[in-house]
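Enquirer: What follows is a single structure, and I will ask about it in a moment.
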(Lines give C-alpha, C1' and ligand atoms only; values in the text may rest on other atoms or scores of the structure.)
Protein backbone atom coordinates (compact mmCIF):
# COMPACT_ATOMS: atom_id res chain seq x y z
CA UNK A 1 0.00 0.00 0.00
CA UNK A 2 1.48 3.32 -1.08
CA UNK A 3 2.04 5.95 1.58
CA UNK A 4 1.16 9.48 0.53
CA UNK A 5 3.55 12.30 1.40
CA UNK A 6 1.81 15.00 3.44
CA UNK A 7 1.77 18.40 1.83
CA UNK A 8 2.74 21.52 3.79
CA UNK A 9 0.64 24.51 2.91
CA UNK A 10 1.98 27.99 3.79
CA UNK A 11 -0.66 30.55 4.57
CA UNK A 12 0.28 34.22 4.59
CA UNK A 13 -1.61 36.19 7.20
CA UNK A 14 -1.57 39.97 6.87
CA UNK A 15 -1.88 41.77 10.15
CA UNK A 16 -2.96 45.38 9.90
CA UNK A 17 -1.49 47.28 12.86
CA UNK A 18 -3.81 49.47 14.83
CA UNK A 19 -3.07 53.01 13.70
CA UNK A 20 -1.64 55.32 16.32
CA UNK A 21 -3.94 58.28 16.77
CA UNK A 22 -2.43 61.62 15.81
CA UNK A 23 -1.88 63.95 18.74
CA UNK A 24 -4.49 66.63 19.11
CA UNK A 25 -2.97 70.07 18.68
CA UNK A 26 -4.79 72.73 20.65
CA UNK A 27 -5.71 75.65 18.47
CA UNK A 28 -5.01 79.06 19.91
CA UNK A 29 -7.80 81.62 19.73
CA UNK A 30 -6.74 84.55 17.56
CA UNK A 31 -7.69 87.78 19.31
CA UNK A 32 -6.46 90.05 16.51
CA UNK A 33 -4.46 89.80 13.28
CA UNK A 34 -3.29 92.27 10.63
CA UNK A 35 -0.69 91.76 7.91
CA UNK A 36 0.01 95.52 8.17
CA UNK A 37 -0.07 95.97 4.41
CA UNK A 38 -2.37 99.00 4.67
CA UNK A 39 -4.15 101.12 7.25
CA UNK A 40 -7.21 99.54 8.81
CA UNK A 41 -9.81 100.70 11.28
CA UNK A 42 -8.78 100.40 14.89
CA UNK A 43 -5.31 101.85 14.46
CA UNK A 44 -4.18 105.41 15.05
CA UNK A 45 -4.01 107.47 11.88
CA UNK A 46 -0.73 107.78 10.00
CA UNK A 47 1.27 110.68 11.45
CA UNK A 48 4.09 113.03 10.46
CA UNK A 49 5.77 115.71 12.56
CA UNK A 50 9.24 116.89 13.59
CA UNK A 51 9.93 113.63 15.45
CA UNK A 52 9.27 111.37 12.46
CA UNK A 53 6.31 109.63 10.91
CA UNK A 54 4.27 106.45 10.67
CA UNK A 55 3.08 105.42 7.23
CA UNK A 56 2.20 102.46 5.02
CA UNK A 57 4.39 101.74 1.98
CA UNK A 58 5.18 98.66 -0.11
CA UNK A 59 2.81 96.45 1.85
CA UNK A 60 4.30 97.26 5.28
CA UNK A 61 3.84 99.63 8.18
CA UNK A 62 6.87 101.93 8.42
CA UNK A 63 7.88 103.79 11.57
CA UNK A 64 10.49 106.51 11.14
CA UNK A 65 12.04 108.12 14.22
CA UNK A 66 14.00 111.31 13.57
CA UNK A 67 14.41 112.90 17.00
CA UNK A 68 16.72 110.70 19.06
CA UNK A 69 17.36 109.69 21.69
CA UNK A 70 14.28 110.76 23.69
CA UNK A 71 10.95 109.19 22.86
CA UNK A 72 9.99 106.46 20.45
CA UNK A 73 7.59 106.87 17.55
CA UNK A 74 4.77 104.39 17.86
CA UNK A 75 1.64 103.27 16.04
CA UNK A 76 -1.15 102.29 18.44
CA UNK A 77 -3.88 99.72 18.11
CA UNK A 78 -6.85 101.02 20.07
CA UNK A 79 -7.88 97.70 21.61
CA UNK A 80 -7.28 96.45 25.15
CA UNK A 81 -5.60 93.10 25.84
CA UNK A 82 -4.66 91.41 29.09
CA UNK A 83 -3.03 87.96 28.64
CA UNK A 84 -1.79 87.13 25.14
CA UNK A 85 0.95 85.99 22.79
CA UNK A 86 1.95 88.62 20.23
CA UNK A 87 3.95 87.84 17.07
CA UNK A 88 5.24 90.41 14.60
CA UNK A 89 7.95 90.65 11.93
CA UNK A 90 10.32 93.62 11.74
CA UNK A 91 12.73 94.73 9.03
CA UNK A 92 15.51 97.31 9.37
CA UNK A 93 15.06 99.73 6.46
CA UNK A 94 17.47 102.65 6.93
CA UNK A 95 19.36 104.79 9.42
CA UNK A 96 21.23 103.82 12.56
CA UNK A 97 21.15 100.23 13.73
CA UNK A 98 21.56 101.51 17.31
CA UNK A 99 17.83 101.52 17.76
CA UNK A 100 14.80 100.03 19.43
CA UNK A 101 12.27 98.09 17.37
CA UNK A 102 9.52 96.31 19.16
CA UNK A 103 6.26 96.23 21.05
CA UNK A 104 4.60 98.54 23.57
CA UNK A 105 1.93 96.64 25.52
CA UNK A 106 -0.44 96.92 28.47
CA UNK A 107 -0.24 100.64 27.78
CA UNK A 108 -2.29 102.80 30.16
CA UNK A 109 -1.25 106.12 28.61
CA UNK A 110 1.92 107.70 27.22
CA UNK A 111 3.57 107.60 30.68
CA UNK A 112 2.74 104.04 31.79
CA UNK A 113 3.47 100.88 29.76
CA UNK A 114 5.85 97.99 29.00
CA UNK A 115 8.23 98.23 26.01
CA UNK A 116 10.02 95.03 24.86
CA UNK A 117 12.54 95.52 22.05
CA UNK A 118 15.41 94.22 19.96
CA UNK A 119 17.95 96.39 18.14
CA UNK A 120 19.41 96.07 14.67
CA UNK A 121 22.90 95.87 16.18
CA UNK A 122 22.07 92.74 18.16
CA UNK A 123 20.85 93.84 21.59
CA UNK A 124 17.54 93.46 23.40
CA UNK A 125 15.81 95.07 26.35
CA UNK A 126 12.69 94.76 28.51
CA UNK A 127 11.56 98.14 29.79
CA UNK A 128 8.76 99.65 31.84
CA UNK A 129 7.63 103.24 31.99
CA UNK A 130 5.89 104.17 35.21
CA UNK A 131 4.73 107.78 35.67
CA UNK A 132 7.10 108.62 32.80
CA UNK A 133 10.07 107.08 34.63
CA UNK A 134 12.05 104.44 32.75
CA UNK A 135 12.71 101.18 34.60
CA UNK A 136 15.05 98.52 33.19
CA UNK A 137 13.43 95.19 34.05
CA UNK A 138 16.56 93.14 33.30
CA UNK A 139 19.17 95.49 34.74
CA UNK A 140 21.20 98.42 33.50
CA UNK A 141 23.57 96.30 31.36
CA UNK A 142 21.81 95.75 28.03
CA UNK A 143 22.36 92.14 26.88
CA UNK A 144 23.33 91.04 23.38
CA UNK A 145 22.01 87.96 21.54
CA UNK A 146 23.42 86.12 18.54
CA UNK A 147 19.85 85.13 17.64
CA UNK A 148 19.05 88.70 16.55
CA UNK A 149 19.67 89.38 12.87
CA UNK A 150 21.61 92.62 12.37
CA UNK A 151 22.20 95.37 9.84
CA UNK A 152 20.24 97.11 7.12
CA UNK A 153 17.71 94.76 5.54
CA UNK A 154 17.75 92.34 8.47
CA UNK A 155 14.41 90.84 9.49
CA UNK A 156 13.48 89.53 12.93
CA UNK A 157 10.45 87.71 14.25
CA UNK A 158 9.54 89.11 17.66
CA UNK A 159 7.29 87.33 20.14
CA UNK A 160 6.02 88.85 23.38
CA UNK A 161 4.09 86.74 25.88
CA UNK A 162 2.13 88.32 28.72
CA UNK A 163 0.57 85.82 31.10
CA UNK A 164 -0.65 87.54 34.25
CA UNK A 165 2.59 88.79 35.87
CA UNK A 166 4.91 86.61 33.76
CA UNK A 167 6.34 88.44 30.74
CA UNK A 168 8.73 87.06 28.13
CA UNK A 169 10.52 88.16 24.98
CA UNK A 170 11.61 85.84 22.15
CA UNK A 171 13.26 86.50 18.79
CA UNK A 172 13.39 84.17 15.79
CA UNK A 173 11.91 81.32 17.87
CA UNK A 174 14.49 81.65 20.66
CA UNK A 175 13.49 82.72 24.17
CA UNK A 176 15.63 85.66 25.28
CA UNK A 177 14.32 86.35 28.79
CA UNK A 178 11.36 85.86 31.13
CA UNK A 179 10.63 88.24 34.01
CA UNK A 180 7.82 88.83 36.48
CA UNK A 181 6.20 92.19 37.15
CA UNK A 182 2.85 93.06 38.69
CA UNK A 183 2.43 96.67 37.60
CA UNK A 184 0.11 96.41 34.60
CA UNK A 185 -2.37 93.63 33.80
CA UNK A 186 -4.03 95.02 30.66
CA UNK A 187 -3.88 97.87 28.18
CA UNK A 188 -3.41 98.78 24.54
CA UNK A 189 -0.70 97.57 22.15
CA UNK A 190 1.58 99.63 19.90
CA UNK A 191 4.41 98.96 17.47
CA UNK A 192 7.37 101.29 17.94
CA UNK A 193 10.83 102.34 16.75
CA UNK A 194 13.39 104.62 18.35
CA UNK A 195 16.79 105.85 17.21
CA UNK A 196 19.20 105.88 20.16
CA UNK A 197 22.09 107.90 18.68
CA UNK A 198 21.86 111.70 18.70
CA UNK A 199 21.75 113.28 15.25
CA UNK A 200 20.54 110.15 13.47
CA UNK A 201 17.29 108.50 12.41
CA UNK A 202 15.99 104.97 12.17
CA UNK A 203 13.31 103.43 9.96
CA UNK A 204 11.74 100.05 10.64
CA UNK A 205 9.02 98.17 8.74
CA UNK A 206 6.49 95.88 10.45
CA UNK A 207 4.40 93.00 9.06
CA UNK A 208 2.27 90.03 10.08
CA UNK A 209 0.96 91.01 13.50
CA UNK A 210 -0.95 88.20 15.24
CA UNK A 211 -2.24 88.32 18.83
CA UNK A 212 -3.46 85.02 20.25
CA UNK A 213 -4.94 84.00 23.57
CA UNK A 214 -2.63 82.32 26.11
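Enquirer: Out of segment 50-76, which residues are buried (at least 21 other Cβ atoms within 10 Å of the Cβ), in a loop (DSSP other than H, G, I, E, B) and without any contact (Cβ under 8 Å) to a residue 40 or more places away in the chain?
Expert: none
Enquirer: Regarding segment 31-40, can at least one residue be identified that is out of contact with any strand residue (DSSP E or B) (no Cβ under 6 Å at 6 or more places or on another chain) and assigned to a strand (DSSP E or B)?
Expert: Looking through segment 31-40, none of the residues is out of contact with any strand residue (DSSP E or B) (no Cβ under 6 Å at 6 or more places or on another chain) and assigned to a strand (DSSP E or B).
Enquirer: Could you tell me whether segment 137-149 includes any residue that is surrounded by 13 or more Cβ atoms within 10 Å (Cβ to Cβ), under 22 Å from residue 60 (Cβ atoms) and modelled with pLDDT of 95 or more?
Expert: Checked segment 137-149: at least one residue is surrounded by 13 or more Cβ atoms within 10 Å (Cβ to Cβ), under 22 Å from residue 60 (Cβ atoms) and modelled with pLDDT of 95 or more.
The values are calculated or read from the model by the stated rules, or taken from the named source; none is laboratory data. For clarity, every value in this text was computed on a predicted model and none was experimentally measured. As a convention, Cβ positions derive from the backbone with ideal geometry for all residues, glycine included, and neighbour counts pool all protein chains shown.
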